[in-house]
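The values are calculated or read from the model by the stated rules, or taken from the named source; none is laboratory data. Note that the structure is a prediction, hence the values are computed from the model and not measured. No Cβ is skipped: glycine too gets one built from the backbone with ideal geometry, and neighbour counts run over all protein chains shown.
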Amino acid sequence: MKINILLLLAGWLGAAVACAKPAPSAARASPLPTLTSPDKKLRVQLQYDPAGTITYSFVANAKTLLKDGKLGLKLAAAATAPVVSRRSVATVWKPVWGKRAMVPDQYNELTLNLKAYKILVRAYNDGIAFRYDYPADQAVKELTTFVFAGNYTAWYYNGENHNIGPEKLADCDSTRLPVMTVKADDAAYLALHEAALTSGEPLILRSRKGETRFAIASKLTTSWKVVLYGPTPGALVDSHLLELLNPAPTQDFSWVKPGVALWDWRINGARVAGFNYEMSLPSWKRMVDFAAAHQLPYFVLDADWYGPEFGKDSDPIKGGKVAQVHDIIAYGKSKGVGIWLYLNDVGGRNFDLGQTLKRYHDWGAVGIKYGFMSGTPTEKNVRTQLITELCAQHHLVCDFHDGPVHPYGQMRTFPNALTREYCKAQLDGHQQFGPNTFVTSVFVNMVAGPLDMGNGFASLSQAGRVDNSSPVPSTLVSEAARTLIVFSGATIIPDIPENYENHPELLQFIAAQKMPWLNSQTVQGEIGEYIVMARQAQDRTWLVGAATNEQARELAIPLTFLGKGRYTATIVQDGAQADFRTQQESYAAATRPVTAADVIRVKLAPGGGACLTLKPQ
């Protein structure tokens, strides 16, 4: 009897154990491979559960920065357990123009094939990216989330206002626009953005108070969602990851030449030596003469040259001062200065856009500045792509103003997209644009791509101007430094020739910005505090620009980026009377020999800056 009871008990236990075994689908589940960056310092850890949820964590230099974030799509077709494939790429991108002449393009990639769709995950040495490949006819919802491992500090793009931040992640209870720049600690910085936005609504992030989790509020797009990483905020600024995630160009862009441009909008109303500046041929010729004398390649004509820019009957190829425009284009060509033409969205829509751009090319113009585009962000993105492609067909470079779609690395595919006003032009926003705005924007907005911010005033009073006669909240040296610090394929400077000629040391610094850059490096900086940027021009001269917030400070700038050889350094820094609050035009200049072993010490006034020109001997 005892034996029978034991046998029965053993049978019951066996059945119970059999019932407790995992379901076949769960039994087949296995951990997903870990994806590492080529230098092994970054790691993406992926997990898959039987319910079909894929999560990821991001580890940088052994520190977990994102954890348990979701990847995937919600769509009608059922997903299956992922089949994983790998590939690695190690090549070099040689941009037509950019922050440097040669860019390593190296990454490791995982593709998770869930049958209904695919997830592509890439790890570069300076960040990670995710993208979904799904049938175009499917109605889908994106499930991607970014869950930060701590209550870090963040800053966000904020349209034509001062950036949002510094803000603790858990204090956000609303939507936020990228770029989202995050400080995890003194040696770990992140930035969230997107790349290769082919269609759909530009990225919008959403969080709830008390959380460190950010979801995607925008409608699904095919863009790469990107997490940039760097040990300093400057590493985010120096990254090329957004461009590298965009496709290579399919046509020849060797005709695209970046450089410094004069601009006529701010000159209107200035008076000097009996001459009154206005937006007409005599003033334009004066600007072209100055550009030619200092080898500045461009001059930009702004609004109203073909009639009132918002007038529905203003014909962009027949109206207003079109005869004078023909004259200045021909005059500029004789002097080696290319002319850009303004085009408002009203004229761009009410008249045949393709024919307008073709005419501009036939006239001999080299570029356009497109203003006040209407429509939703989704519609703006489609139209921006259209205009950029049409400009490329007609060998025109372009600049988009007035609330443009954020940059997302498209300068790789279309190098003629030289810049855009993804910021507030500093004099237009003087009510909220202070020195702190500048040294925040360069670590937030500028991470997205090239900016047209309107820096480089050579007179701080701006009295008598028609458009905006407000004083410039900066110093003369800081204004010159900002023209270098701000990355752009067209550095558009706003003042009259005589004001630049009054300050030859600063004019020489601006004129020395011969693009495309051979190299760039953010030497020092902290978000909202200060920045030191170095760029190497085509003639191998190194230029350094430094700018501070409202606080005066002394900086020690190491010259290790110089490499071998001796250089002659011209050092221009704020004078004793300089102060952004008083607009005192005070600075001092000196020269000295230097090598890479030297450190240059400079004093920056409140809102001030410093400019270094380092010429090889």
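Using the structure shown, decide if Arg349 is surrounded by fewer than 21 Cβ atoms within 10 Å (Cβ to Cβ), out of contact with any Cys (no Cβ under 6 Å at 6 or more places or on another chain), over 30 Å from Leu245 (Cα atoms) and at pLDDT 95 or above. Considered against the rule, which asks whether it is surrounded by fewer than 21 Cβ atoms within 10 Å (Cβ to Cβ), out of contact with any Cys (no Cβ under 6 Å at 6 or more places or on another chain), over 30 Å from Leu245 (Cα atoms) and at pLDDT 95 or above, Arg349 comes out as yes.
Residues in region 320-346 that are in contact with a Gly (Cβ under 8 Å, 6 or more places away or on another chain) and either surrounded by fewer than 17 Cβ atoms within 10 Å (Cβ to Cβ) or of a type in the set (Phe, Trp, Tyr) (or both): Ala330, Lys333, Trp340, Tyr342.
The residues listed here are Glu585, Glu554, Glu550; of these, the one that is of a type in the set (Asp, Glu), touching a residue at least 24 places away in the same chain (Cβ under 8 Å) and closer than 23 Å to Ala512 by Cα is Glu585. Leu559 - would you say it is within 30 Å of Phe290 (Cα to Cα) and under 26 Å from the mean Cα position of the chain (by Cα)? Judged against the criteria, Leu559 is not a match.
Only one of the numbered conditions (1) out of contact with any Phe, Trp or Tyr (no Cβ under 7 Å at 6 or more places or on another chain); (2) farther than 24 Å from Gly98 by Cβ; (3) among the hydroxyl-bearing types (Ser, Thr, Tyr) is violated by Thr475, and that is (1). Each residue in region 197-243 was checked for being touching a residue at least 60 places away in the same chain (Cβ under 8 Å) and of a type in the set (Lys, Arg), and 3 pass. For region 203-224, indicate whether the set of residues that are surrounded by fewer than 24 Cβ atoms within 10 Å (Cβ to Cβ), on the phi > 0 side of the Ramachandran plot and either at pLDDT below 95 or of a type outside the set (D, E, K, R) (or both) is non-empty. Within region 203-224, one or more residues are surrounded by fewer than 24 Cβ atoms within 10 Å (Cβ to Cβ), on the phi > 0 side of the Ramachandran plot and either at pLDDT below 95 or of a type outside the set (D, E, K, R) (or both). When region 363-384 is filtered for residues that are under 17 Å from the mean Cα position of the chain (by Cα) and free of Cβ contacts under 8 Å to residues at least 60 places away in the same chain, only Thr384 remains. Scanning region 277-284 for any residue that is in a strand (DSSP E or B), farther than 30 Å from Leu518 by Cα and not assigned by TED's automatic domain parsing to the domain that holds Thr91 turns up nothing.
Against the test of being within 16 Å of Pro494 (Cα to Cα) and of a type outside the set (Asp, Glu), the options Trp305, Trp284 yield a single qualifying residue, Trp284.
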